[in-house]
Structure formats: C-alpha cells, structure tokens
1. Taking the Cα-to-Cβ direction at T31 and at R48 and moving 7 Å from each Cα, how far apart do the two end points lie in nm?
2. Sum up the charges of everything whose Cβ sits under 12 Å from the Cβ of R25, counting Lys and Arg as +1 and Asp and Glu as -1, but leave R25 out.
Amino acid sequence: MGETGRSEVATYIASLTADLSEMSRRQGLSTLAYLLDMARLEAEGAARRGRADGSSDPEVDVL
C-alpha cells in the first residue's frame, strides 16, 4: 500500500472511530468513548503525517 493509501485508510479510521466514540458516549460507555477518541487522534495524526511528508511511519505499518 502506498503513502496515499495509508493516509486514506487513516482518515477513514478517524471517521469511524469518531462515530463509534459518539455512540459509546451516548450509551454511557465513557471509558470506551475515551479510548476511541485516542484512536481517532492517532489516526488523524497518521493521516496528516502521511500527507505532509510522504515518508514511511513505522508506527502505522501493521501489515
């Protein structure tokens, strides 16, 4: 997967985790919502790094 693909995947994950966090918070699952927010922030950062420098980020490589 190229850098463009990685950034797109990270953006998609950020969107999904934002929705899941909101759902969790509405149901009173505050710890789960917090963890999902942390995952969203990490995904947003990975997407920004991928777009900004185009370099490989070993923390994002999971495959």
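1. 2.9 nm
2. -2
All of the numbers you see were taken from the coordinates with simple rules; none came from a lab. These figures come from a predicted structure and were not determined experimentally. Backbone-built Cβ (ideal geometry, glycine too); neighbour counts: all protein chains shown.
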